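One structure is given below, encoded as structure tokens.
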Amino acid sequence: NTFGPFCVWDGARAKAPAAICRKVAQAGYGEPVELWGNGQTRRSFTYVDDVIEGMTRLMASDYSKPVNIAHHETVKIAELFETACSVAGKVLGYKSGDGPVGVNARGSDNTLCKKVLGWEPTTTLWHGLSKTYPWIAKQCMLTEKA
């Protein structure tokens, strides 16, 4: 779940952070936003700059096997939604909707990443969304005007 400005933000290929930012940007004040499932599934979300940093470090190392490059923190989809609302300065609620939910929790064990690279992703969800949300909100406005 890599996210950041210039990501796919609309349609079936949009990852959860971008899709939720789009829904928040398009929602009117106080409107309920539909989230798939009950909002309690947990995921880790990694800001694109951290992924690039991790890949650069891995390529510069002598290590030749796969390494998880993902943020160690897992958050509930409801928390992702609340963070996007906070960044947007909007007060919105959500309702459960039908759609793919997946496993209850998916996160990253960064033991190998820290051992091999001496590093792990550090960008918080709030900080990453504070850079991502404005870009997606602008794309939504441009699309509405077209």
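The values are calculated or read from the model by the stated rules, or taken from the named source; none is laboratory data. What you see is a predicted model, and the numbers here were worked out from it, not measured in a lab. Because the Cβ atoms are built from the backbone with ideal geometry, glycine has one as well, and the counts that use them run over all protein chains shown. Areas reflect the complete protein model, heavy atoms only, side chains present, ligands, DNA and RNA absent. Shrake-Rupley method; radii C 1.70, N 1.55, O 1.52, S 1.80 Å.
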Taking a spot 7 Å from the Cα of residue 135 along the direction of its beta carbon, which residues of the range 11-30 have an amide N less than 19 Å from it?
11-26
Are there DSSP H segments in the chain that both extend 20 Å or more along their axis (alpha-carbon positions) and score a mean Kyte-Doolittle hydropathy of at least -1.0? List them, or say none.
125-145
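What per residue convex hull volume, in Å³, comes out for the range 11-51 when only alpha-carbon positions are used?
Details: hull volume 4.3 nm³, N = 41.
Expressed per residue, the convex hull around the Cα atoms of the range 11-51 is 105 Å³.
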Using modelled backbone amide H atoms (1.01 Å from N, in-plane), which distant-in-sequence or interchain residues come within less than 5 Å of residue 36's amide H?
97
Rounded to whole Å and sorted largest first, list the principal axis extents of the Cα atoms in the range 34-82.
44, 19, 15
Calculated from backbone phi, Karplus (6.51, -1.76, 1.60) coupling profile of the range 66-75 in Hz, x at Gly/Pro:
x, 9, 5, 10, 8, 5, 6, 6, 10, 10
What is the log10 of I(q)/I(0) for the range 19-146, computed with the Debye formula using one identical point scatterer on each Cα and no solvent, at q = 0.09, 0.12 Å⁻¹?
-0.32, -0.55
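I need the calculated FRET efficiency for the pair residue 106 and residue 38, taking r as the beta carbon distance and R₀ as 25 Å, to the nearest 0.05.
Here the calculated transfer efficiency is 0.95.
Please report, as a whole percent, how much of the solvent-accessible surface of the range 56-107 comes from carbon and sulfur atoms (probe radius 1.4 Å). Show your work: numbers first, answer last.
On the way: 1630 of 3290 Å².
On the range 56-107, the fraction of accessible area on carbon and sulfur atoms equals 50 percent.
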Exposure ranking of 44, 130 by accessible area [1.4 Å probe, largest first]:
130, 44
